[in-house]
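Student: Take this structure first; my questions come after.
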Amino acid sequence: MKKQLTYLLIAITILSCSHADKKKDDSSTVFKYNEMAGITSLDPAAARSFENIWVVNQIYNGLVQMNDSLHVEPSIAKSWNISKDGLTYTFNLNTNVFFHDNKCFAEGKGRKVLASDFVFSFNRLLDATVSSAISLLSHVNTNDQKGFEALNDSIFIIHLTKPFTPFLGILTMKYFSVIPKEAIEVYGVDFRRNPIGTGPFKFKMWEEGSKMVLIKNENYFEFEGSNRLPYLDAVSISFIKDKETSFFNFLQGDIDMVSGIDAINTDKVLTPNGTLKDIYKTKYTLQTQPYLKTDYLGFLIDENQVTLKNSPSKNKALRQAISYGFDRKKMVRYLRKNLGVPATAGFIPPGLPSFDSKKVKGYDYNPDKVKELLFLAGFPDGKGLPEISLATTEQYLELAEYIQSQLSEFGIKIKIDVQKASVLTEAIANSKVKFFRKSWVADYPDEENFLSLFYSKNWSPKGFNYTHYYNSQFDQLYERSQEELNDSIRYDYYRQMDQLLMEDVPVTPIYYDQVVRLVQKNINGLTSNSMNILSLKKVKKN
């Protein structure tokens, strides 16, 4: 009897513990989102795609960070100073920032971040086999690796060879996160799967193609008032590739947020004007705002490209005719439910200081102009004009078909060439396609980032001037703008360059995109910004 009583007590204890554990699990807050495109690396040196950037932003910190108004704020650097000549950046580091605990450290305990850690992290980016960020450091004085200097444990200095106004904004990119040397020594190339940073969340597990989990960093250095961040206990990321399945999971409450118009069943939840239908207003929050992203049609216009000898894309008047030949307003209204802005100004999108649709004139639908320009191009009413191939992806097929239909009314025959995204990206970079649909998303919030696509020294395949545009006046303005410290003068340079692009037409902007997020009502503190960066450190889940 005594033995049976003992077993009973043990059983009650186990059940009580299980119930307590379940209660504890139920009280934990986990933010869940799906990443259809997948994640390739958790190394900040590989933070090139949005998918990688979003998760890397939860794990790491850099010297500085961008707030939702796109202003640079302190992060690990509590303050900084830029010399009058714009060549020396001195950062004073916060002295209570620690790396996440990991076996690569003595006794598995994360150590304090030092200025020398930034020297190591930044010098690592100068290796082109490690990161594509090397192009962002072209202004750094890298002779004898003296561009990055640790004056002591808490003062880090960067030396430039010439002034570069956007440089501080560039440092907010996740490439420039701090990592410990010990982690690279222990994990090597496997650091991509074994990240160690200082961020609000630390790595727990990753089943590639299935699930990733990050857990709360209990020793995170940032506070909101008297509250240590973050508020969430964990972040869970799924990798469901099918849009409908992912969105169904959101409707079921198994996902807390879906992002981007391509991830949302817009017909189901949105009105034709792009607002939430009444029946969903009590369930979800729709977040929309301008996005520093321009979708465009690009033309390869290299004068020395043999394959372009008889290409219509070399004909400036024809490129202008195409630019006038489709109605962007109808496109945005009917194909995107007004989630976006018709791009009738320049390549620089709204949200950047120099944007001014009154000073930079682009293209709007104008049938008379199309006919006039086709005549000037030598193809009156499209007669004698060969069929033009437009390369795009399945995701943008409907948009391409819309453009095809509208241009056909003027005798401009478009053949749509649908390619896989990875294949098309490589083809564009290697000048294998003459006419293509593409988009450019800001890497950092400065117009220079958009205009750099057309600087002649950035020709692909080594650079990203995919159109091979060359204009000596544009190049001169671009070089002047990089060193100009006066904002109003620099913005004027930007607008002059943007207008040159519209006149020469290496690209024709289609629309300026919008950040679109659909969020469950029990999520609070999830803000958005025009860089579309995901920050979860201040998010609460009720």
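Student: For the structure I just gave you, tell me whether L374 is touching a helix residue (DSSP H, G or I) at 6+ places or on another chain (Cβ under 7 Å), at pLDDT 95 or above, hydrophobic (A, V, I, L, M, F, W, C) and part of a helix (DSSP H, G or I).
Tutor: So L374 fits the description; yes.
Student: Still on this structure, I have one more. When the residues of segment 293-314 are narrowed to those that are assigned to a helix (DSSP H, G or I) and closer than 21 Å to S408 by Cα, which ends up modelled with the highest pLDDT?
Tutor: Step by step, filter segment 293-314, then rank; the result is K314.
Student: So, in segment 502-529, exactly how many residues are among the hydrophobic types (A, V, I, L, M, F, W, C) and more than 18 Å from A442 (Cα to Cα)?
Tutor: Of the residues in segment 502-529, 6 are among the hydrophobic types (A, V, I, L, M, F, W, C) and more than 18 Å from A442 (Cα to Cα).
Student: Between residues in segment 48-68 that are more than 13 Å from S177 (Cβ to Cβ) and free of Cβ contacts under 8 Å to residues at least 60 places away in the same chain and residues that are buried (at least 19 other Cβ atoms within 10 Å of the Cβ) and among the β-branched types (V, I, T), which pairs lie under 7 Å by C-beta distance while being six or more apart or on different chains?
Tutor: E51/I39
Student: Further, regarding this structure: Run down I255, I240 and say which single residue is in contact (Cβ under 8 Å) with a residue 40 or more places away in the chain, closer than 30 Å to G62 by Cβ, outside any strand (DSSP E or B) and touching a helix residue (DSSP H, G or I) at 6+ places or on another chain (Cβ under 6 Å).
Tutor: I255
Student: Sticking with this one: Taking the condition surrounded by 15 or more Cβ atoms within 10 Å (Cβ to Cβ) and touching a Pro at 6+ places or on another chain (Cβ under 9 Å), does L229 pass?
Tutor: yes
Student: Oh, and also: If you take the residues of segment 397-435 that are in contact (Cβ under 8 Å) with a residue 60 or more places away in the chain and touching a strand residue (DSSP E or B) at 6+ places or on another chain (Cβ under 6 Å), which of them is nearest to D368 (Cα to Cα)?
Tutor: L407
Student: So the check is Cβ under 7 Å with 6+ separation or different chains; which pairs have a first residue in segment 479-495 that's assigned to a helix (DSSP H, G or I) and a second one that's among the acidic types (D, E) and surrounded by 14 or more Cβ atoms within 10 Å (Cβ to Cβ)?
Tutor: From residues that are assigned to a helix (DSSP H, G or I), the pairs are S481/E448; Q482/E448; R490/E484; Y493/E484; Y494/E447; R495/D356.
Student: When the residues of segment 461-503 are narrowed to those that are hydroxyl-bearing (S, T, Y) and surrounded by fewer than 13 Cβ atoms within 10 Å (Cβ to Cβ), which ends up farthest from D85 (Cα to Cα)?
Tutor: It comes out as S472.
Student: Further question: Has segment 315-323 got any residue that is among the small types (G, A, S) and assigned to a loop (DSSP other than H, G, I, E, B)?
Tutor: no
Student: Kindly indicate whether E182 is surrounded by 16 or more Cβ atoms within 10 Å (Cβ to Cβ) and part of a helix (DSSP H, G or I).
Tutor: Here the answer is yes, as E182 does meet what is asked.
Student: For residues that are among the hydrophobic types (A, V, I, L, M, F, W, C) and in contact with a Ser or Thr (Cβ under 8 Å, 6 or more places away or on another chain), scanning just segment 454-473, find the one that is modelled with the highest pLDDT.
Tutor: F454
Student: Take the residues of segment 395-411 that are touching a Phe, Trp or Tyr at 6+ places or on another chain (Cβ under 9 Å) and among the hydroxyl-bearing types (S, T, Y): which is nearest to R328 (Cα to Cα)?
Tutor: Across segment 395-411, the extreme among qualifying residues is Y402.
Student: What number of residues within segment 208-223 satisfy the criterion of being surrounded by 13 or more Cβ atoms within 10 Å (Cβ to Cβ) and within 18 Å of G62 (Cα to Cα)?
Tutor: 5
Student: Looking for something farther than 30 Å from V72 by Cα and either crowded, with 19+ Cβ neighbours inside 10 Å or at pLDDT below 95 (or both) - is there at least one such residue anywhere in segment 190-207?
Tutor: yes
Student: Filter segment 335-371 down to the residues that are in contact (Cβ under 8 Å) with a residue 60 or more places away in the chain and not in a loop (DSSP other than H, G, I, E, B), then identify the one that is nearest to the chain's Cα centre (by Cα).
Tutor: V341
Student: When you scan segment 141-152, how many residues do you find that are at pLDDT 95 or above and surrounded by 16 or more Cβ atoms within 10 Å (Cβ to Cβ)?
Tutor: Matching residues across segment 141-152 total 3.
Student: Kindly indicate whether T245 is surrounded by fewer than 19 Cβ atoms within 10 Å (Cβ to Cβ) and not in a loop (DSSP other than H, G, I, E, B).
Tutor: yes
Student: Would you pick out the residues in segment 245-265 that are among the charged types (D, E, K, R) and at pLDDT 95 or above?
Tutor: Within segment 245-265, D254, D256 meet the criteria.
Student: Considering only segment 379-408, state which residues are over 20 Å from R437 (Cα atoms) and either surrounded by 17 or more Cβ atoms within 10 Å (Cβ to Cβ) or out of contact with any helix residue (DSSP H, G or I) (no Cβ under 8 Å at 6 or more places or on another chain) (or both).
Tutor: Once the filter is applied, which keeps residues that are over 20 Å from R437 (Cα atoms) and either surrounded by 17 or more Cβ atoms within 10 Å (Cβ to Cβ) or out of contact with any helix residue (DSSP H, G or I) (no Cβ under 8 Å at 6 or more places or on another chain) (or both), segment 379-408 yields F379, G382, K383, G384, L385.
Student: Hey, another quick one. Scan segment 89-110 for residues that are exposed (fewer than 15 other Cβ atoms within 10 Å of the Cβ) and either assigned to a loop (DSSP other than H, G, I, E, B) or in contact (Cβ under 8 Å) with a residue 40 or more places away in the chain (or both) and jot them down.
Tutor: T95, N96, K103, K109
The values are calculated or read from the model by the stated rules, or taken from the named source; none is laboratory data. Predicted model, so just to flag it, every value in this text is computed and none were measured. Every residue, glycine among them, receives a Cβ derived from its backbone with ideal geometry; neighbour counts consider all protein chains shown.
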